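One structure below.
Please treat every number below as a calculation from the coordinates, not as lab data. Since the model is a prediction, treat every value here as computed from it, not as a measurement. As a convention, Cβ positions derive from the backbone with ideal geometry for all residues, glycine included, and neighbour counts pool all protein chains shown.
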Amino acid sequence: MSPPAANVRVGVIGAGLMGREVASAFGRWFALLDSPVRPELTAVCDVNAAALDWFRQVPTVRHFDIDHRALLAREDVDVVYVAVPHDRHEAIYMDALRAGKDLLAEKPFGIDLAAACRVRAEAARLGRFVRVSSEFPFLPGAQRAFQIAASGELGRIIEIRAAFLHSSDLDPAKPANWKRQNIHCGEAGVMNDLGLHVAHVPLRLGWKPSKLHASLQKIHRFRPDGRGGTVACDTWDNAVLHTTVDIGGEPVPMTLEMKRLAPTETNTWIFEALGTDRGVRFSTKEPKTLCTYRRDKEQSWQRTDLGFEMPFKAITGGIFEPGFPDILMQMWAAFLAERAGLLGGRFGCAPPDEAVSQHELWAGALVSQRDQSVVSI
Ligand SMILES: NC(=O)c1ccc[n+]([C@@H]2O[C@H](COP(=O)([O-])OP(=O)(O)OC[C@H]3O[C@@H](n4cnc5c(N)ncnc54)[C@H](O)[C@@H]3O)[C@@H](O)[C@H]2O)c1
């Protein structure tokens, strides 16, 4: 018998970086005041048995599996979160859907566009609730920027920039992992890795490019393999997409940047939209601060420090600063509330359509890079 809607039993497949973050978010769920649904982490799976050990301290976890099919066969799992390398996405997502589970998938939602389309079709056929992980829009600054951009107050939009920037790959001695190899990460490389973070808010605003030109770069082509040797790294490291979006019948330039080698940037998420009447800019480089301007006789940017203004209320003091663990919780609260039909007008997680749309951009970017052409999407 299913438990009441207020309690949802979650299984995690992939007990790496993100799998642990999710366990941590659930572990302090009592910090949320108005989440209508409470997750309980009941099962965890990883092919690497040693990765399961960390989860033994999580009191609610009762199943430790090394084969995802064993986890998916468990009755006390309603929803699965899958955080595995990209080449494993499609097979495990399909197995999860066919096992009757709802799914919070990790980006990029399959290794490429074709895989994403197949998973979306299967989810629709089976009627499963599926969303894709993208937590940055849940930051207060991102929420405000989204609301202002959606309000129409910007006037005629002049230009848009969205970016997600890392810098640790500048270090040539940083060992490679699966994200640096096409076979595991996918041909789209850094776009598969960072792209949904960049595309999510523009796509939600309906700003889907009609054409693009891509500049893709491979910078460090070999890295230590962590075992005393070196290994070839063949993924695109940096991607800049110059796109055109049709907004109100006018072509608007929108730049999408995804970079692993962006000096000084550690997980910097940026969204900026400039219009003839107003403008908005938010960057996690200044995580509290929303920048806006309004056209006036004299023009200037106004800086507003935001507090803990989250979609789901929390015990956290209103002037305190939010961080990554907070927005991960908010994203999960949105996923679970929407699944229960209780989102109540709040910002929802990325649905399969948005995940497919971002893959269309990355597929177009690969063609643009190969042919040095402008590609219609
Ligand atoms: N939303 C975010 O902010 C964010 C951040 C980082 C990574 N990610 C995404 O999360 C996913 C995982 O990335 P990560 O950084 O956690 O990777 P990771 O390498 O830290 O962890 C992946 C885990 O999956 C396990 N695994 C591999 N194949 C498996 C299988 N068949 N069954 C079960 N477990 C298996 C590995 O042993 C490893 O422990 C990727 O899709 C990545 O793009 C999202």
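Within the range 101-175, which strands (runs of 3 or more DSSP E) (wholly inside it) include 2 or more residues that are more than 16 Å from the ligand (Cβ to nearest atom)?
Details: elements: 102-105, 130-132, 157-165.
Result: 157-165.
Cβ contacts < 8 Å: first residue over 12 Å from W29 (Cα atoms), restricted to the range 313-338; second residue assigned to a loop (DSSP other than H, G, I, E, B) and of a type in the set (V, I, T), any location; separation 6+ or different chain. Result?
Sorted first by the residue in the range 313-338, then by its partner, the pairs are P322/T316; L336/V37; A337/V37.
Just a yes or no: is a residue in the range 67-85 under 15 Å from E40 (Cα atoms), touching a residue at least 12 places away in the same chain (Cβ under 8 Å), away from the ligand (no atom under 12 Å from the Cβ) and over 26 Å from the mean Cα position of the chain (by Cα)?
First, pick out the residues of the range 67-85 that are under 15 Å from E40 (Cα atoms): 71, 74-81.
Applying the additional criterion that residues be touching a residue at least 12 places away in the same chain (Cβ under 8 Å) yields 71, 74, 76-81.
After this cut, where a residue has to be away from the ligand (no atom under 12 Å from the Cβ) as well, the list is 74, 76-79.
From what's left, over 26 Å from the mean Cα position of the chain (by Cα): 74, 76.
Taking every residue of the range 67-85 in turn, at least one turns out to be under 15 Å from E40 (Cα atoms), touching a residue at least 12 places away in the same chain (Cβ under 8 Å), away from the ligand (no atom under 12 Å from the Cβ) and over 26 Å from the mean Cα position of the chain (by Cα).
Given A123, A188, which one is more than 18 Å from the chain's Cα centre (by Cα) and buried (at least 17 other Cβ atoms within 10 Å of the Cβ)? Reasoning before the result, please.
On the way: A188 fails: more than 18 Å from the chain's Cα centre (by Cα).
One residue alone meets the criteria, A123.
Which condition number does F26 fail, the rest of (1) within 24 Å of A91 (Cα to Cα); (2) more than 10 Å from the ligand (Cβ to nearest atom) being met?
Condition (1) is where F26 drops out.
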